[in-house]
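What follows is a single structure, written as structure tokens, with notes after it.
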Amino acid sequence: MSTVSNQGPTGNQPEKVENKDQPDVVRDKSDDGLSLGNMVSRGDRLQGAANAQIRDQGISEEQKLAQLNNDLTPHISGKPGRGALSRGLGLSDELGRELSREAGSEPFRDRVLKGETNLPVREFTWSNQRQLDQAANAGLGIPLGLKQFFQLRKSEYQTQPEKTDSQMNVKVENFLNQTPVKDKEKRSPAEEKELEQSREALKNAASPEDTLSKALHLARLYQHLRYIDEAKKATELALGIDPDNMVARQMFKELERMHPVDIGVGTIPITVPNAVTKSALRKRIHGLSGGKVAVVGDLLIDELLEGKPERISREAPVLILEHVDTVHIPGGAANTASNVVALGGECMAVGVCGADEYSEKLSNMLDRYRIQHSLVKDITRPTTVKTRILSKSHSLMQQLLRLDRISHNPISSIIEKILIQQIEEAVVGYKAVILSDYKAGVITDGVIKSLRALAEKERILLIVDAQGDFGRFQGATLLTPNQPDTESYLGYRIDSASVEKAGKDMLEKTGAEAVLITRGADGMALFERGKHYAEMPVFNRSDVFDVTGAGDTVVATMALALVSGASYVEATALGNLAAGIVVRKSGTATTSQREMLETLEQLNIPE
């Protein structure tokens with residue numbers, strides 16, 4: 001392991017500044033939490049102070065409170081302007097098509113403030129009700145089971161009439177009839193209880209906004225239980241109440257992307273290239289053992305901090321979590337390496353880390369996952385860590401936020417030189433090198449040039465898994481871009497009619513021997529020089545739970561298959577098969593030869 005020392009500047013401590021314009025608030029130091037009584041009295045004091053400031057500054061109360069509300073709402077809701085309740089009893093075709101695409105519009109509240117829409121904004125206010133059910137604030141980032149002291153309230157309609165209770169009751173009743181409870185034996189007692197209570201809460205909702213909140217909660221619960229059709233219906237119910245609700249719109253797009261129509265497993269035949277047969281794939285799966293693949297790139301730690309929700313903080317309307325567990329799992333290029341090892345291969349991971357506490361944790365984690373490694377320490381940058389804070393309540397695990405420790409600056413010329421030397425020494429005897437670029441500064445032009453020369457000299461396969469700017473990787477053996485990155489690089493949209501042109505353009509622009517474009521629900525498209533392109537449908541489209549890290553699984557599986565003698569088409573089929581397994585699992589995950597063989601037998605493809 002090489003280390004470069006570099007004395008950096010010493011940061012100054014921030015100066016503590018007293019804000020004399022803010023009113024004094026007496027706090028009860030005996031309790032870190034916030035009781036309902038304290039919150040009400042504190043709210044009264046804050047309101048009185050706000051009114052005093054209004055009088056002193058000569059600003060109307062209405063203007064000041066409106067500004068105060070705009071300032072506070074993003075901190076309470078987590079997202080500015082979660083939409084306003086507007087008319088609609090169902091999901092129109094136009095809205096469905098709009099939500100199925102990635103909408104790049106600015107937040108709804110920003111449009112309201114600019115005067116570009118007349119729709120009202122739904123506000124958050126303190127509640128004087130102590131008894132709030134666990135679904136009342138679904139979508140606010142508050143885990144289930146926590147007694148909540150603020151709730152969602154709807155502003156008065158400006159231009160559209162209220163929906164009648166009878167209309168809403170009919171919609172809810174139809175939804176419940178269309179989503180009967182099934183497969184009780186597959187759920188835990190806690191999950192079963194949660195589902196029953198959530199459905200009953202939706203049935204007894206007293207207002208449109210209450211129905212919206214409970215429908216969103218039920219949709220997220222159905223997604224957790226992997227009842228995807230039911231989750232879609234619950235989301236559509238919510239959008240029928242409020243087509244502009246940001247949480248519902250995002251959930252709809254997520255479900256459309258991750259959970260397409262069920263095909264591919266069971267009795268429906270899969271159309272695959274002639275070279276793909278069960279017998280051929282069985283042979284190739286067994287041949288994955290012993291393959292030697294090196295991974296060079298952005299090695300990082302996925303850190304999971306799990307906590308149990310206790311109460312709302314008195315300092316701000318945020319949760320207080322009691323720490324339960326911390327888990328470190330491979331991420332980025334390290335996840336690719338982990339997939340190689342899990343499939344029976346041998347892997348050497350080469351990358352850069354910081355000179356901090358996480359560098360040792362990274363090394364220990366790689367050892368734990370049986371990944372050989374060569375790390376270059378650079379004290380000018382942190383070890384890349386993506387920390388996810390999770391809250392677990394009852395049967396649900398909810399991610400509250402993610403904090404990234406990362407430097408996007410390219411490594412220095414000194415570190416680059418040491419890294420290239422480490423690569424040349426570490427990959428001796430390996431048959432393929434995966435270049436994994438997560439834009440953390442490790443994959444510089446100098447590293448790419450060195451690897452290209454090394455691959456040509458030693459006849460090593462150079463496989464690139466990158467995020468855009470593919471022109472940097474001229475002459476690679478295989479590129480594996482996803483469709484959005486390919487569209488961005490080529491400058492035009494890709495569909496079934498233009499995918500062949502896109503593949504040919506990628507081959508021409510990058511000089512690669514082969515290009516595999518992963519297209520999400522539309523499968524994969526493989527392009528080889530001098531051959532007709534091949535399309536591969538998604539093998540698993542019904543049990544998708546989490547697509548995180550699926551691309552790492554594809555490239556790791558294909559690399560192992562290629563070094564064992566598989567064709568590009570066979571390697572693509574194996575990558576497709578492996579990805580269909582890991583997306584059933586939560587978070588970054590791996591699969592094994594055994595799982596692949598078991599899943600292969602379920603596919604309706606030629607023997």
query = Within the range 394-413, is there a residue that is assigned to a loop (DSSP other than H, G, I, E, B) and in contact with a Phe, Trp or Tyr (Cβ under 8 Å, 6 or more places away or on another chain)?
reply = no
inquiry  = Being in contact with a Ser or Thr (Cβ under 6 Å, 6 or more places away or on another chain) and either without any contact (Cβ under 8 Å) to a residue 60 or more places away in the chain or not assigned by TED's automatic domain parsing to the domain that holds Arg226 (or both) is the filter here; which residues of the range 189-209 pass it?
reply    = Ala205
ask   = Are any of the residues in the range 495-502 modelled with pLDDT under 95, assigned to a loop (DSSP other than H, G, I, E, B) and in contact with a Ser or Thr (Cβ under 6 Å, 6 or more places away or on another chain)?
value = no
ask   = Out of (1) hydrophobic (A, V, I, L, M, F, W, C); (2) more than 26 Å from Leu321 (Cβ to Cβ); (3) without any contact (Cβ under 8 Å) to a residue 60 or more places away in the chain, what's the single condition that is false for Leu403?
value = (2)
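Determine, yes or no, whether Asp367 is touching a residue at least 24 places away in the same chain (Cβ under 8 Å), surrounded by fewer than 16 Cβ atoms within 10 Å (Cβ to Cβ), of a type in the set (D, E, K, R) and on the phi < 0 side of the Ramachandran plot.
no
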request  = From Arg472, Arg459, Arg493, grab the single residue that is within 15 Å of Ala294 (Cα to Cα) and assigned by TED's automatic domain parsing to the domain that holds Val554.
outcome  = Arg459
remark   = Picked from the range 335-393 (must be β-branched (Val, Ile, Thr), part of a loop (DSSP other than H, G, I, E, B) and out of contact with any Lys or Arg (no Cβ under 8 Å at 6 or more places or on another chain)), the residue farthest from Arg311 (Cα to Cα) is Ile371
key: Flag for Phe175 being buried (at least 18 other Cβ atoms within 10 Å of the Cβ) and modelled with pLDDT of 85 or more   = yes
note = Reported set for the range 442-477 where residues are of a type in the set (Gly, Ala, Ser) and touching a Lys or Arg at 6+ places or on another chain (Cβ under 7 Å) is Gly471, Gly475
remark   = In the range 172-220, residues that are in a helix (DSSP H, G or I) and within 15 Å of Leu237 (Cα to Cα) total 25
task = Take the range 400-416 and flag every residue that is crowded, with 16+ Cβ neighbours inside 10 Å and more than 30 Å from Leu319 (Cβ to Cβ).
result = Pro410, Ile411, Ser412, Ile415, Glu416
query = From the set of residues in the range 555-586 that are in a loop (DSSP other than H, G, I, E, B) and of a type in the set (D, E, K, R), which is surrounded by the fewest Cβ atoms within 10 Å (Cβ to Cβ)?
reply = Lys585
ask   = Among all residue pairs at least 6 apart or on different chains, which show Cβ distances below 6 Å where the first residue, located in the range 332-361, is under 13 Å from Asp552 (Cα atoms) and the second is part of a helix (DSSP H, G or I)?
value = Asn335/Asp552; Thr336/Asp552; Thr336/Ala556; Asn339/Asp552; Asn339/Thr553; Asn339/Ala556; Val340/Ala556; Leu343/Leu560
task = Scan the range 578-599 and report the pairs whose first residue is among the charged types (D, E, K, R) and whose second residue is in a loop (DSSP other than H, G, I, E, B) and surrounded by fewer than 18 Cβ atoms within 10 Å (Cβ to Cβ), with Cβ atoms within less than 7 Å and a gap of 6+ or a chain change.
result = Arg584/Asp543; Lys585/Asp546
ask   = How many of the residues making up the range 513-524 are aliphatic (A, V, I, L, M) and within 12 Å of Leu479 (Cβ to Cβ)?
value = 4
inquiry  = Conditions first: (1) crowded, with 20+ Cβ neighbours inside 10 Å; (2) more than 29 Å from Met558 (Cβ to Cβ); (3) touching a Leu at 6+ places or on another chain (Cβ under 8 Å). Met397 passes all but one, so which condition is the exception?
reply    = (1)
task = Give just the number: which of (1) in contact (Cβ under 8 Å) with a residue 40 or more places away in the chain; (2) under 19 Å from Met397 (Cα atoms); (3) surrounded by fewer than 17 Cβ atoms within 10 Å (Cβ to Cβ) does Lys186 not satisfy?
result = (1)
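Of everything in the range 414-452, what is in a loop (DSSP other than H, G, I, E, B) and on the phi < 0 side of the Ramachandran plot? Give them in sequence order.
Of everything in the range 414-452, those that are in a loop (DSSP other than H, G, I, E, B) and on the phi < 0 side of the Ramachandran plot turn out to be Val427, Val428, Tyr430, Lys431, Asp437, Tyr438, Ala440, Val442, Ile443, Thr444.
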Which numbered condition Leu255 misses (of (1) modelled with pLDDT of 80 or more; (2) more than 18 Å from Ala201 (Cβ to Cβ)) = (1)
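If you check Thr477 against the conditions, is it under 17 Å from Pro410 (Cβ atoms) and either within 30 Å of the chain's Cα centre (by Cα) or assigned by TED's automatic domain parsing to the domain that holds Asn576 (or both)?
Here the answer is no, as Thr477 does not meet what is asked.
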ask   = in a loop (DSSP other than H, G, I, E, B), over 27 Å from the mean Cα position of the chain (by Cα) and of a type in the set (Gly, Ala, Ser), is that true of Ala589?
value = no
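The values are calculated or read from the model by the stated rules, or taken from the named source; none is laboratory data. Because the structure is a prediction, the values reported are computed rather than measured. Note that we place each Cβ from the backbone using ideal geometry, even for glycine, and neighbour counts take in every protein chain shown.
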